[in-house]
Amino acid sequence: MRRWLVSLAFLCVSGWSADAVAWGCEGHRAVVMIAERLVPAAKLAAARALLAASPVDPNLRVGCPPVPDDPVAEAATWADDYRSDHLETFNWHFTNLPRVWKSATANPAAACAAGSCAIEAIVAQFQLLTHSADTAVKANALRFILHFVGDLHQPLHSTSNGDRGGNCVPVTFFGQAPQQNPNSDDYSPNLHGIWDSSMIRRMMTDQALADAQALSDHIVAKKPLPASVVASAPTKARVTSWARQAHEVGRTVAYGKLPVAVGMEPATAIILSSCQDNHDIVHRMLALNESIGNAYLAAGEPAIAGQLRLAGVHLASVLKAAFPL
């Protein structure tokens, strides 16, 4: 992953990367900033102290700018940087529940190959955070949780239509036509990529929101947070319910509001090694000429704001449970 200045410039031009930056820098950090409003100061201080006790490897290539006044929010994007050198964590960022499944009964077992998905990762990292005696393990577990809770609430990290969570659905985004990415068979912009970051940036531009703090303020102003949240460990059942809720948003909004209707792909096409799999899904989708503009953005913005807010509320409950002071 490139240094953050280069990375941000590339992202803004191309709409990439679908797999790499769910919610982008601003969205992930806004989730933490929303959560921080609901977590007692002493627990936030404990989280900051843990991160400070085991700092990030200074040689790690970072994809987002620093947030010197909020180290917890800054840590929310570490997992994407870490993944660049630790591909074994790649599948931890999503749970691809097939779109064809009903959200209320979707069983993540088939979508979590060898237990490797966001649901399993959140549960496992919480156990490490709360039970490990190794400070470095605990600090990284916290960094993973800050990120993965946000990831799971991105609808296309919990929904797939035989297309790698929308990665294989090229779209024209406000006049920017899709182009094939170098050395791969996918295109940018694509459906997953615009939900990851392009629509958030468009929303921020339209609302004159300068940074993640302004984004979090805007979301809370639109729908105030509860007065408090109950400390709750992220059990498998609880995290599965988050994935099912995000899956419903994926089905009804991310796919359901597309200008050109996209048919249901088979549930068996859960794991693709390439966008040319599933009967060359990428070129079948390219032929639809999906064009995203104001109408789709208007439908998607409330869903994005709602998911970021909900992720913040859920993260707050997890952080309160993780630091029982």
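The values are calculated or read from the model by the stated rules, or taken from the named source; none is laboratory data. Quick caveat: nothing in here was measured; it's all calculated off a predicted structure. Quick reminder, even Gly has a Cβ in these numbers, built from the backbone with ideal geometry, and neighbours come from all protein chains shown.
Annotations for the structure displayed:
- With respect to the conditions (1) over 17 Å from the mean Cα position of the chain (by Cα); (2) of a type outside the set (S, T, N, Q); (3) closer than 13 Å to residue 292 by Cβ, residue 193 falls short on a single one, namely (1).
- Taking the criterion of being among the polar types (S, T, N, Q) and either touching a His at 6+ places or on another chain (Cβ under 8 Å) or surrounded by 24 or more Cβ atoms within 10 Å (Cβ to Cβ) (or both), the residues of region 142-178 that qualify are 154, 158, 159, 160, 161, 167.
- When each of 198, 216, 232 is tested for being in contact with a Ser or Thr (Cβ under 6 Å, 6 or more places away or on another chain) and touching a residue at least 40 places away in the same chain (Cβ under 8 Å), the lone residue that passes is 232.
- Boolean, residue 264 is under 17 Å from the mean Cα position of the chain (by Cα) and touching a residue at least 60 places away in the same chain (Cβ under 8 Å): no
- Contacts under 9 angstrom Cβ, first residue in region 100-121 being of a type in the set (Ser, Thr, Tyr), partner assigned to a loop (DSSP other than H, G, I, E, B), 6 or more apart: 103/97; 103/159
- Just one of (1) part of a loop (DSSP other than H, G, I, E, B); (2) surrounded by 14 or more Cβ atoms within 10 Å (Cβ to Cβ); (3) in contact (Cβ under 8 Å) with a residue 60 or more places away in the chain fails for residue 259. It is (3).
- Qualifying positions in region 288-315 - of a type in the set (Gly, Ala, Ser) and either touching a strand residue (DSSP E or B) at 6+ places or on another chain (Cβ under 6 Å) or within 30 Å of residue 113 (Cβ to Cβ) (or both): 291, 300, 303, 306, 311, 312
- Applying the set (1) under 22 Å from residue 198 (Cβ atoms); (2) of a type outside the set (Ser, Thr, Tyr); (3) assigned to a helix (DSSP H, G or I); (4) without any contact (Cβ under 8 Å) to a residue 40 or more places away in the chain to residue 247 leaves exactly one unmet item: (4).
- Taking region 113-132 as the range and being at pLDDT below 95 and either crowded, with 23+ Cβ neighbours inside 10 Å or part of a helix (DSSP H, G or I) (or both) as the test, the residues that pass are 113, 114, 115.
- Selection within region 275-306: residues that are under 21 Å from the mean Cα position of the chain (by Cα) and outside any helix (DSSP H, G or I). The member of this set that is farthest from residue 94 (Cα to Cα) is 292.
- Filter pass, residue 90 being under 14 Å from the mean Cα position of the chain (by Cα), crowded, with 24+ Cβ neighbours inside 10 Å and closer than 25 Å to residue 265 by Cα: no
- Near pairs, Cβ below 8 angstrom, 6+ apart or cross-chain, from region 287-316 (surrounded by fewer than 23 Cβ atoms within 10 Å (Cβ to Cβ)) to any residue that is assigned to a helix (DSSP H, G or I) and small (Gly, Ala, Ser): 300/254; 303/254; 313/35
A quick yes/no check of all residues on (1) touching a Leu at 6+ places or on another chain (Cβ under 8 Å); (2) crowded, with 20+ Cβ neighbours inside 10 Å; (3) in a loop (DSSP other than H, G, I, E, B); (4) in contact (Cβ under 8 Å) with a residue 24 or more places away in the chain:
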residue	(1), (2), (3), (4)
32	yes, yes, no, yes
35	yes, yes, no, yes
49	no, no, no, no
59	no, no, yes, no
68	no, no, yes, no
72	yes, yes, no, yes
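- Residues of region 131-190 that turn out to be of a type in the set (A, V, I, L, M) and touching a strand residue (DSSP E or B) at 6+ places or on another chain (Cβ under 9 Å), as a count: 3
- From the list 98, 68, 58, the one residue that fits, being under 22 Å from residue 34 (Cβ atoms) and out of contact with any Phe, Trp or Tyr (no Cβ under 8 Å at 6 or more places or on another chain), is 68.
- Taking region 94-105 as the range and being modelled with pLDDT of 95 or more and part of a loop (DSSP other than H, G, I, E, B) as the test, the residues that pass are 94, 95, 97, 99, 100, 101, 102.
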